[in-house]
Each structure stands twice: as C-alpha cells, then as structure tokens.
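Participant: What follows is a single structure, and I will ask about it in a moment.
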Amino acid sequence: MVEKGLDVCFLQLFGTNFVHADPHYGNMLYDPDDRLVLLDFGLVTRLTPAQGEAMANAVSSIVSEDWPNLLEAFREIGLVPPSPNIWVDAKTGAPTSGLLPGVWQACSEEDFAASFVDALEKASQGTAGSFTEITTRLTELALTYQFILPPWLLFVVRAVITLDGFAAGMDPPLSALAAAAPHAAR
C-alpha cells in the first residue's frame, strides 16, 4: 500500500497539480480489483502549473544533489525570498536563533547560499537523503534565515512527509525520493 501510495501522491503532484494531503492508512484502501482508493478529501490542495513545475525542479535537484538549482527552485516556489535575510539580535546585530527576540536583516547571497548548501549536504550524507531529513535541516536553517511557507506547500509537505515516514518503516525501506524522481522528470 505504501509503494502505491507514493506513486499516487507523486502522480497527483506532478500530473494533476492536485494533492490529497492526508494519505495515512485510514484514508487508503484497496478495491476488489486491487486498485488503491483514497478516502476523505477534506485536506487537499491545488497547485498552479508554475508551482507544479517548480516542485518538479526541486525534486530533480534533490535527487541530483544540485543544491544551487534547488535554491532557485525554492525561490520559484516562494519558499525563499528573492533577497536573503538573517535573524539578528536587535541590539547587537549578531545572528541569533529565531526562537529569541530579534529582527530580520539583509545578508549576503553568498553567506545564505553557503549555509543552505551546508545544511543540505548534512541531510544527504553522500546520498540523496530523505524528504523528512531535508525538511528537518531546512526547518533548522529557518531558525536563522528567512523562509516563507506558502499555504499550499504546507499541505504538499504534509502528504510527502507522511508517506516518507511510512516508506522508511518498510522492510526493506522504500525511498520516497526514488518514487518521486520519475514523476518529477516528466
């Protein structure tokens, strides 16, 4: 069921720009003809064709570990602002955690890009990593640098992370990235 769920999720994302964002076991079943049926369409999102294309570019960049291209795809998605900002202490101007009081301050593209690449290289550890690990590293980076989470992307991330977690728990583990790659390449 997980393998088919991954296939359906990425077919939706890259083929229809419509995503069922709640793909857990209670919302999936097989019909008598062994076809996967999705239930409960209370949590869904639609993407524009441009958003779908940017998501496909992002997945392809993750699979190939092309972090500079991923950064550009994230800008197309609207996740990263055109000019980077860093969270700093309002009194000292020193970078600080986004969990502490502070203000956004413009920073250099080079510093942001270097931190972005470093975070993703840690997530991949010589392999393409997982969607969950990449999301975790980007969340950590967002405590320092400004990210903007478009509402539609929250639903896509929720769907993918849910299935990625199920895939990692399979024996042997499945790769959600490997399942996404052929759909993103279309």
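The values are calculated or read from the model by the stated rules, or taken from the named source; none is laboratory data. Values in this document were obtained by computation on a predicted structure and should not be read as measured data. Note that each Cβ is placed from the backbone with ideal geometry, even for glycine, and that neighbours are counted across all protein chains shown. Surface accessibility is based on the protein's heavy atoms, side chains included, excluding ligands, DNA and RNA. Shrake-Rupley method; radii C 1.70, N 1.55, O 1.52, S 1.80 Å.
Participant: Tabulate in residue order the Karplus-calculated ³J(HN,Hα) for the stretch 133-147, using 6.51 cos²θ - 1.76 cosθ + 1.60 with θ = phi - 60°, rounded to whole Hz; enter x for Gly and Pro.
Facilitator: Per residue, the Karplus-derived 3J(HN,Hα) values read 5, 5, 4, 4, 5, 5, 5, 4, 5, 5, 6, 10, 10, 6, 10 Hz.
Participant: Please get the size of the charge dipole for the stretch 69-186, origin at its Cα centre, with Cβ charges of +1 on Lys and Arg and -1 on Asp and Glu, quoted in debye to the nearest 20.
Facilitator: 300
Participant: Further question on the same structure: Taking the mean number of other Cβ atoms within 10 Å as a proxy for protection, how do you rank 73-84, 139-150 from highest to lowest?
Facilitator: On the way: 73-84: 17.0, 139-150: 15.5.
Taking the mean over residues of other Cβ atoms within 10 Å, the ranking is 73-84, 139-150.
Participant: Could you give the accessible area per residue of the stretch 1-140, probe 1.4 Å, as a whole number in Å²? Can you show the working numbers first?
Facilitator: Numbers: 7210 Å² over 140 residues.
Accessible surface, normalised per residue, equals 51 Å².
Participant: Per DSSP helix of 4 or more residues, -39500 (n - 2.57); summed, then divided by the residues of the chain. What does that give at 222 nm, rounded to the nearest 500?
Facilitator: -15500 deg cm²/dmol
Participant: Something else: Can you give me the long-range amide H partners of residue 44? Hydrogens built in the peptide plane at 1.01 Å from N, cutoff under 5 Å, separation of 5 or more residues or another chain.
Facilitator: 21
Participant: Right, another one. I need the phi-derived Karplus couplings for the stretch 41-53: 6.51 cos²θ - 1.76 cosθ + 1.60, θ = phi - 60°, integer Hz, Gly and Pro marked x.
Facilitator: 8, x, 10, 9, 8, 10, 10, 6, x, 5, 5, x, 5
Participant: Further question: Applying the Karplus parametrisation 6.51 cos²θ - 1.76 cosθ + 1.60 with θ = phi - 60° to the phi angles of the stretch 177-186, what ³J(HN,Hα) value in whole Hz is obtained for each residue in order, glycine and proline being reported as x?
Facilitator: Listing the rounded values in order: 5, 5, 5, 6, 3, x, 6, 5, 6, 5 Hz.
Participant: Using alpha carbons only, how many degrees (0 to 90, rounded to 10) separate the axis of helix 67-77 from the longest principal axis of the chain?
Facilitator: Result, in degrees: 80.
Participant: If I compute solvent accessible area with a 1.4 Å probe over the protein chains, what percent of it on the chain is carbon and sulfur?
Facilitator: With neighbouring chains kept in place, the figure for the chain is 59 percent.
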